[in-house]
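Inspection log for the structure reproduced underneath, given as structure tokens.
The values are calculated or read from the model by the stated rules, or taken from the named source; none is laboratory data. These numbers come from a predicted model, not from an experiment. FYI the Cβ positions are ideal-geometry reconstructions off the backbone, even for glycines, and counts take in every protein chain you see.
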């Protein structure tokens, strides 16, 4: 009996020892690979927008420390290479190159240097200190929360941002098709996390045309401008005595912008533009006529330049420039009161009875809330809907007709 008990105790002792000595589970680090040396740089062909990442955390400087210790006052290069990732950027088209290096952890301090490739001796020449970067950003932030990204931007002012507290973005770079550039990204934190690299092109577009009134007469002094969806005015001008205007702007590929028009006596006019519209016109649009409708109480206007998310059916951010212009119009004319009417495309549902009414009211409420946030008093705005009761095309045949049915109309309420 004692022998049996001893055997059982030995078995459990052996089992517990095995469990205690079980090797720890392998930690799998997810993310795209990085290359820590110039010679093994990852090739990215920059056609339109591309994204690389999130990456694994860069660890060390690889087999070779290409960037040696430098003077603290050097505006061009890292103090030294710590945890680096190397990329080769091949330009597939002409344009202004911009990119974003987005840190997974905003508290990680990412710096970068961008070089133009020379020839097959490039990496050796770089290691010898014979090459200078054409763009750098070595800054850090004094914000305890860190900074989410660094990179190149069309809105930046400096080609090189030196060591110390400073702006996180450097100026975009004009490139030509077929050129090759080397980007080295360095995470100062030794136990830091990875990053995502977004690369875009900006192209300069030119818009010219004439602004007319409803009687086809030129509107002298009308304002024309281009605005991004985040509210940045990229270019603005006044029409001459012939109603003519000319606008220039650098716009990002695959991002919506709006060109808007207004005058003291008119309602706003807006249309959305994308870079790809200009691909076959050498990035120039000429002789475009725009009609401004006179602003009158008791009159109804379709609010152009409005778009919707395909999945949620809610207002798309590309609609914001139009809503900003409507808010400005109402702030300038303090006595104006409006009824916001939401109309939807819903030919298969009885008009203004179900889902169409809900969608129409939701869209009208979105515009209402946007105007409230811009400082318009709620007593001046009445959101309502007619659902699908007044579809312009009761049986729409294409997307253009569907878009015409899905609209917002602004009714300027007459004075009582």
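The numbered conditions (1) touching a helix residue (DSSP H, G or I) at 6+ places or on another chain (Cβ under 9 Å); (2) part of a loop (DSSP other than H, G, I, E, B); (3) more than 16 Å from residue 407 (Cα to Cα) are all true for residue 327 except (2). Checked across the stretch 134-154, the condition of being surrounded by fewer than 21 Cβ atoms within 10 Å (Cβ to Cβ), under 23 Å from residue 40 (Cβ atoms) and either within 22 Å of the chain's Cα centre (by Cα) or outside the structural domain of residue 278 (by TED's automatic domain parsing) (or both) holds for at least one residue.
Condition check ((1) out of contact with any strand residue (DSSP E or B) (no Cβ under 7 Å at 6 or more places or on another chain); (2) buried (at least 17 other Cβ atoms within 10 Å of the Cβ); (3) closer than 20 Å to residue 207 by Cβ) across all residues:
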{"site": "225", "(1), (2), (3)": "no, yes, yes"}
{"site": "240", "(1), (2), (3)": "yes, no, yes"}
{"site": "243", "(1), (2), (3)": "no, yes, yes"}
{"site": "261", "(1), (2), (3)": "no, yes, yes"}
{"site": "297", "(1), (2), (3)": "no, no, no"}
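Within the stretch 29-68, the set of residues being assigned to a loop (DSSP other than H, G, I, E, B), crowded, with 17+ Cβ neighbours inside 10 Å and either at negative phi or at pLDDT 95 or above (or both) comprises 34, 35, 36, 37, 41, 54, 57, 58, 61, 66, 67.
A count restricted to the stretch 164-178 and to residues that are within 16 Å of residue 114 (Cα to Cα) and surrounded by 15 or more Cβ atoms within 10 Å (Cβ to Cβ) stands at 7.
Can we say residue 120 is under 16 Å from residue 53 (Cβ atoms) and either part of a strand (DSSP E or B) or in the same structural domain as residue 51 (by TED's automatic domain parsing) (or both)? Against the criterion (under 16 Å from residue 53 (Cβ atoms) and either part of a strand (DSSP E or B) or in the same structural domain as residue 51 (by TED's automatic domain parsing) (or both)), residue 120 does not qualify. Checked against the criterion of being free of Cβ contacts under 8 Å to residues at least 12 places away in the same chain and either part of a strand (DSSP E or B) or surrounded by fewer than 19 Cβ atoms within 10 Å (Cβ to Cβ) (or both), the candidates 286, 281 yield just one match: 281. Would the stretch 204-224 turn up any residue that is closer than 30 Å to residue 56 by Cβ and part of a loop (DSSP other than H, G, I, E, B)? There is no residue in the stretch 204-224 that is closer than 30 Å to residue 56 by Cβ and part of a loop (DSSP other than H, G, I, E, B).
Taking strands (runs of 3 or more DSSP E) that fall entirely within the stretch 335-416, which contain at least 1 residues that are in contact (Cβ under 8 Å) with a residue 60 or more places away in the chain and surrounded by 19 or more Cβ atoms within 10 Å (Cβ to Cβ)?
The qualifying strands (runs of 3 or more DSSP E) are 338-343, 407-412.
Could you check the stretch 225-244 and list, in sequence order, the residues that are closer than 14 Å to residue 289 by Cα and in a strand (DSSP E or B)? Once the filter is applied, which keeps residues that are closer than 14 Å to residue 289 by Cα and in a strand (DSSP E or B), the stretch 225-244 yields only 244.
Results for (1) outside the structural domain of residue 411 (by TED's automatic domain parsing); (2) assigned to a loop (DSSP other than H, G, I, E, B); (3) more than 17 Å from the chain's Cα centre (by Cα); (4) within 30 Å of residue 140 (Cβ to Cβ), shown as yes or no for each residue.
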| site | (1), (2), (3), (4) |
| --- | --- |
| 182 | yes, no, yes, yes |
| 254 | yes, yes, no, no |
| 272 | yes, no, no, no |
| 276 | yes, no, no, no |
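Each residue in the stretch 398-416 was checked for being more than 20 Å from residue 293 (Cβ to Cβ) and within 28 Å of the chain's Cα centre (by Cα), and 4 pass. Could you check, for the stretch 314-322, whether at least one of its residues is farther than 28 Å from residue 378 by Cβ, in a loop (DSSP other than H, G, I, E, B) and not assigned by TED's automatic domain parsing to the domain that holds residue 95? No; the residues of the stretch 314-322 include none that is farther than 28 Å from residue 378 by Cβ, in a loop (DSSP other than H, G, I, E, B) and not assigned by TED's automatic domain parsing to the domain that holds residue 95. In this structure, residue 289 does not qualify as closer than 29 Å to residue 171 by Cα and at pLDDT below 95.
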